[in-house]
Amino acid sequence: MKAIIYCFSGTGNTKMVSEFVKTELDKRDVETTVFSFDYESYKKRTYPSPNDFDIIAIAYPIYGFNAPHLVNRFVKVLEKAKGEKQCFIIKTSGEPFAPNHYSSSIMKSRLRRKGYRVMEEKHYLMPYNIMFRYPDELVKQMYIYAESHAAIMADKIVKNETYLLHPHPLYYLLYTLGKLVWIGGPIIGKTYRIKKKKCTKCTLCIKNCPMSNIREGKDGYPHFGCHCMICMRCVMYCPHDAINAGILNAWKVNGAYPFKKLLIDESVNPNYVNESTKGYFKAFKKYFDCIDRELKDAELSLKNS
Ligand SMILES: Cc1cc2nc3c(=O)[nH]c(=O)nc-3n(C[C@H](O)[C@H](O)[C@H](O)COP(=O)(O)O)c2cc1C
């Protein structure tokens, strides 16, 4: 069997989770490809055909309780399924709150109309790439849980099991309001500025922008266009912290999360969220407990089979 994960990732979290799922599917004899798409590959339709695979997946980060506009547009132009085709959805977000579950509604109905059998969706908790930086202990905990979660997901995929999220209808309101990100992105993106004293004109932001929204001006400095989707890639990866994120500047998270380094650093205890956690992070406990339960069930069924 062959699978493809069409992945959009702003700052790398969703790409990393997609790779986890690929590793787990490969282990289960499903030869899996992760294809990262951006505006160019969407516009020029330069992506592998879903009909060359038995299973397809869509992977994306949640923006304002929704899927990024580009991802919904990508699904809209995807070829119809020829024959029976299983489909699953991978989403990552900074918090585990249920309104996030609605983010796949548009794409799920589009995929079904195109003949795909949407079997499974998994919501992976990953560090925020906007607003504030998560502490190292929590980042490590999220990484470890995401790996386990990917194994559970791969297991369900090969067993053809269905797992769809059904949030409370009240959350629909928040999800609808979140669509403002689609309009807000281009407006907010226009407020981005280059700090000329820090910018070395390395052009990394221009090369990296998934919307091809940054171009080199006559003065050699990057200039921002009108198609920003506020994925924060340019901001997070600027090696000189030379981008002022306009009205979002107070929410900027500088520098990538050092996942691999944290993983081998034994002084970082991946037990940030635990029985005694209070306040904002308490909701995270429920999410981790749920994965622990699923892991136990999976182990049980493995033993019984
Ligand atoms: C513009 C924007 C809006 C976001 N909105 C939400 C949100 O509504 N809920 C949430 O849990 N996380 C939200 N996040 C956090 C991202 O979903 C999260 O950090 C994700 O893992 C980023 O994935 P990526 O690295 O693949 O881009 C938002 C991030 C950005 C940049």
Handout entry: Column: log10 I(q)/I(0), Debye, Cα scatterers of region 183-251, q = 0.21 Å⁻¹
Key = -0.80
Handout entry: Relative contact order (%) - criterion: Cα under 8 Å, at least six apart; region: the chain
Key = 18 percent
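First select every other residue whose beta carbon is under 14 angstrom from the beta carbon of residue 63; then total the charges, Lys and Arg +1, Asp and Glu -1.
Around residue 63, the surrounding residues sum to +3.
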Problem - Anisotropy class of region 1-73 from Cα gyration tensor, a/c 1.5 cut - result: oblate
Handout entry: Cα shape, region 106-148, gyration tensor, a/c 1.5 rule
Key = oblate
Completion exercise
Helix 136-158 sits off the longest principal axis of the Cα atoms of the chain, rounded to the nearest 10 on a 0 to 90 degree scale, by 50 degrees
Handout entry: Cβ-based net charge around residue 20, under 14 Å, with every Lys or Arg adding one and every Asp or Glu removing one
Key = +2
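Antiparallel DSSP bridges in the chain: what percent, to the nearest 5?
On the way: 7 of 35 bridges.
The antiparallel proportion sits near 20 percent.
For residue 266, what is the net charge nearby, where nearby means another residue's Cβ is under 13 Å from its Cβ and Lys, Arg count +1, Asp, Glu -1?
Every neighbour counted, the sum reads -1.
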Completion exercise
Log10 I(q)/I(0) at q = 0.07 Å⁻¹ for the chain, from Debye over equal alpha-carbon scatterers, is -0.28
Completion exercise
Tilt, helix 282-304 to longest principal axis of the chain (alpha-carbon atoms), in degrees rounded to tens, equals 40 degrees
Exercise for the section: Identify all aspartates and glutamates with a Cα-Cα distance to residue 196 below 19 Å; exclude those on the same chain that are fewer than 8 residues away in sequence. Expected result: 216, 219, 241
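Going down the list 22/201; 190/282; 44/207; 44/252; 2/44; 76/198, which pairs span over 29 Å between their C-alpha atoms?
Where the Cα-Cα span goes over 29 Å, the pairs concerned are 22/201; 190/282; 44/252; 76/198.
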Fill in the blank from the handout: Once normalised by the length of region 183-251, the mean sequence separation of its alpha carbon contacts under 8 Å that are 6 or more apart gives a contact order in percent of 46 percent
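Values in this text are rule-based calculations from the coordinates and carry no lab data. Because the structure is a prediction, the values reported are computed rather than measured. Here Cβ is always computed from backbone atoms with ideal geometry, including for glycine, and neighbour counts include all displayed protein chains.
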